1. Accessible area per residue of segment 1-60 at 1.4 Å probe, in Å²?
2. So what is the calculated 222 nm ellipticity per residue for the chain, using -39500 (n - 2.57) for each DSSP H run with n of 4 or more, over all residues, to the nearest 500 deg cm²/dmol?
3. For Val53 and Leu32, calculate 0.36 nm times their separation in residues minus their Cα-Cα distance, and state this gained length in nm to one decimal.
4. Leaving ligands, DNA and RNA out of it, report the carbon-plus-sulfur percent of the accessible area of segment 35-106 at a 1.4 Å probe.
5. Computed from the coordinates I sent, mean projected area of the Cα convex hull in nm² equals one of (i) 7.5; (ii) 10.7; (iii) 9.8. Tell me the label.
6. Sticking with the crude label model, points 7 Å out along Cα→Cβ, report the distance from Ser6 to Val85 in nm, one decimal please.
7. Please compute the modelled spin-label separation between Thr78 and Asp98, points set 7 Å along Cα→Cβ, answer in nm with one decimal.
8. For His19 and His107, FRET efficiency with R0 = 25 Å and r from the beta-carbon atoms, rounded to 0.05?
Amino acid sequence: MKWDKSSRLAFIMGNLRGHWDGVGAGCGDAKLAVGNLRGVSGFTPEVADEMYVHCGTRYKPSNRTFESYEEAITDFYTRYPEDRVIEIQDVVLLLAGDPELTAEDIHKRIKITHDSNR
């Protein structure tokens, strides 16, 4: 909350870039590893290429602007200080999945529970 807007935007851009780089790297690792798994047969290089192309497509980046992320996240943590225990990376991923999601929507979706036995 102490960062200026340009720092918040830089963090969001870096976070999203890191996430999508990780998805791509994971898909590449899966492509390389799956042919060596026991019980997997008929796994040709063409099948591996097709799998790689389709890997991660369920997790398409949002068409939300970086500024929209910054505004929604700042609004969320400002309006709901009790939710500041929720890591920003989790909030960013929620926003990436739904370009219409607002701070209020995030607050409603994430429920914080406290275990009194801890």
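The values are calculated or read from the model by the stated rules, or taken from the named source; none is laboratory data. The shown structure was predicted, so the numbers you read here are calculated from the model rather than taken from an experiment. Counting neighbours? That spans all protein chains shown, and the Cβs are built from the backbone with ideal geometry, glycine included. When the accessible area is computed, the model is the full protein with side chains, heavy atoms only, and any ligands, DNA or RNA have been set aside. Shrake-Rupley method; radii C 1.70, N 1.55, O 1.52, S 1.80 Å.
1. On the way: 4540 Å² over 60 residues.
Value for segment 1-60: 76 Å² per residue.
2. On the way: 5 runs with 71 residues, N = 118.
Theoretical 222 nm ellipticity from helices: -19500 deg cm²/dmol.
3. Working: separation 21, 0.36 × 21 = 7.56 nm, distance 1.32 nm.
Length difference between fully extended and current span is 6.2 nm.
4. Working: 2510 of 4780 Å².
On segment 35-106, the fraction of accessible area on carbon and sulfur atoms equals 52 percent.
5. Comparing each candidate, only (ii) matches the computed number.
6. Simple spin-label model gives 3.6 nm for this pair.
7. Spacing of the two 7 Å Cα→Cβ label points: 2.2 nm.
8. On the way: r = 22 Å, r/R0 = 0.88.
The calculated FRET efficiency here is 0.70.
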